[in-house]
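Since the structure comes first, as structure tokens, the remarks are kept for the end.
The values are calculated or read from the model by the stated rules, or taken from the named source; none is laboratory data. As the structure is a prediction and not an experimental result, all values here were calculated from the model. Here Cβ is always computed from backbone atoms with ideal geometry, including for glycine, and neighbour counts include all displayed protein chains.
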Amino acid sequence: MPAFHRLRAVFIVILSFLIVGCEISTPIQPTPTPENVTAYLGQVPPDLTPQVFAPGLVSISSAFDYAITFSPDGTDLYFTRRLDDSENQNIYEMHLVNGNWTDPTPVPFSAEHNAHEPHLTADNQTLYFGWFRPPPPGQTSTLNAGIWATDRTANSWSEPRYVGEGMFVSSDQSGQVYVTNFASGAPSLSKVTLTDGRFTDWEIITVGAHPAIAPDGSYLVYDDGNGYLRVKFHSEDGKWSASRDLTKHGIPTSASIASISPDGMYLFYVYDGDLYWVSTDLIKNLLNK
């Protein structure tokens, strides 16, 4: 099987597991209030009980919506949508314009091929994403697919550039990048070195996928491969703690593909095809237990 199809097959299996393994639930979503209606699409911020994020707008019944990222100022958001009647998946964008949010629309820069898992950097200048296409001429990849990036221009985004092998990027406020690495066969969480905009070295942290680093770099949320979201805390001496199982603290089994909001206040993840969010106090409270 060609490498490209292997990666696509792995991703489809992961999504299939998530869809089949989830229990159907319909949580009660608070009604938005007029206060601060622009932040997070005007949704009422959650506490320690996870809530569906923007039901009917971002999280819709006819699609599998996942992997959301926000600009630091909260005026742009990007997420992945796969419609139920299609194997195609695309990155969608929304923007706050004159006090109102635009409707979700597919981004133009990845239209030629399936794309997913966008991530905006803390300086708001680069958007990383996974692109199901071969690398550019002259470049090599054992996966024949991987991570690409587009850079902010005056009015839009640049032509995407190839960054390197892997899946799912996140980064902290210092610009340190983390990625899912397949170099050893099984997916692993890796801290990446960038040289001239390309991945040049991978430091493996642990087995797992979808590393979501906190903005301050203090903890890392990830999928452990067995249907659980886990967290590792990063100490000042550079060491990572033993992992903690978040399903024991209110996150459902089979939740996956997490991200942390730029302000560090909310954890996002996909469950049962919808995006959920919850206060990161759920994670921070574990430091005192």
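Looking only at the stretch 111-127, filter to residues that are touching a strand residue (DSSP E or B) at 6+ places or on another chain (Cβ under 6 Å) and within 19 Å of Asp263 (Cα to Cα); which one of those is surrounded by the most Cβ atoms within 10 Å (Cβ to Cβ)?
Leu127
Answer yes or no as to whether Asn181 is surrounded by fewer than 18 Cβ atoms within 10 Å (Cβ to Cβ) and either more than 17 Å from the chain's Cα centre (by Cα) or under 24 Å from Gly217 (Cβ atoms) (or both). Walk me through how you get there before you give the answer.
Working: surrounded by fewer than 18 Cβ atoms within 10 Å (Cβ to Cβ): no; either more than 17 Å from the chain's Cα centre (by Cα) or under 24 Å from Gly217 (Cβ atoms) (or both): yes.
Criteria not met by Asn181.
The rows are residues; the columns are (1) buried (at least 19 other Cβ atoms within 10 Å of the Cβ); (2) touching a helix residue (DSSP H, G or I) at 6+ places or on another chain (Cβ under 9 Å); (3) part of a loop (DSSP other than H, G, I, E, B).
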position: Pro134; (1), (2), (3): no, yes, yes
position: Thr140; (1), (2), (3): no, no, yes
position: Asp151; (1), (2), (3): no, no, no
position: Asn155; (1), (2), (3): no, no, yes
position: Val163; (1), (2), (3): yes, no, no
position: Gly175; (1), (2), (3): no, no, yes
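Does Val270 satisfy being assigned to a strand (DSSP E or B), under 20 Å from Thr180 (Cβ atoms) and touching a helix residue (DSSP H, G or I) at 6+ places or on another chain (Cβ under 6 Å)?
Judged against the criteria, Val270 is not a match.
If you take the residues of the stretch 118-175 that are among the charged types (D, E, K, R) and farther than 19 Å from Ala186 by Cβ, which of them is farthest from the chain's Cα centre (by Cα)?
Here the answer is Glu159.
Based on this model, can you work out whether Thr140 counts as within 26 Å of Pro72 (Cβ to Cβ) and free of Cβ contacts under 8 Å to residues at least 12 places away in the same chain?
no
Looking at the stretch 154-189 only, could you name the residues that are among the hydrophobic types (A, V, I, L, M, F, W, C) and on the phi < 0 side of the Ramachandran plot?
Correct list: Ala154, Trp157, Val163, Met167, Val169, Val177, Val179, Phe182, Ala183, Ala186, Leu189.
Name the pairs whose Cβ atoms lie under 6 Å apart, with the first residue in the stretch 73-96 and farther than 18 Å from Pro160 by Cα, the second of a type outside the set (D, E, K, R) and outside any strand (DSSP E or B), and 6 or more positions between them or separate chains?
That search, which allows pairs on different chains as well, returns Gly74/Ala39; Asp84/Ser62; Asn88/Asn114; Met94/Thr102; Met94/Pro104; His95/Thr102; Leu96/Thr38; Leu96/Thr75.
Enumerate the strands (runs of 3 or more DSSP E) found wholly within the stretch 13-106, keeping only those where 2 or more residues are at pLDDT 90 or above and in contact with a Gly (Cβ under 8 Å, 6 or more places away or on another chain).
63-70
Name the single residue that is surrounded by the fewest Cβ atoms within 10 Å (Cβ to Cβ) among those in the stretch 264-289 being charged (D, E, K, R) and out of contact with any strand residue (DSSP E or B) (no Cβ under 8 Å at 6 or more places or on another chain).
My answer is Lys289.
For the stretch 225-263, give me the residue count where each residue is surrounded by fewer than 17 Cβ atoms within 10 Å (Cβ to Cβ) and within 17 Å of the chain's Cα centre (by Cα).
So the answer is 3.
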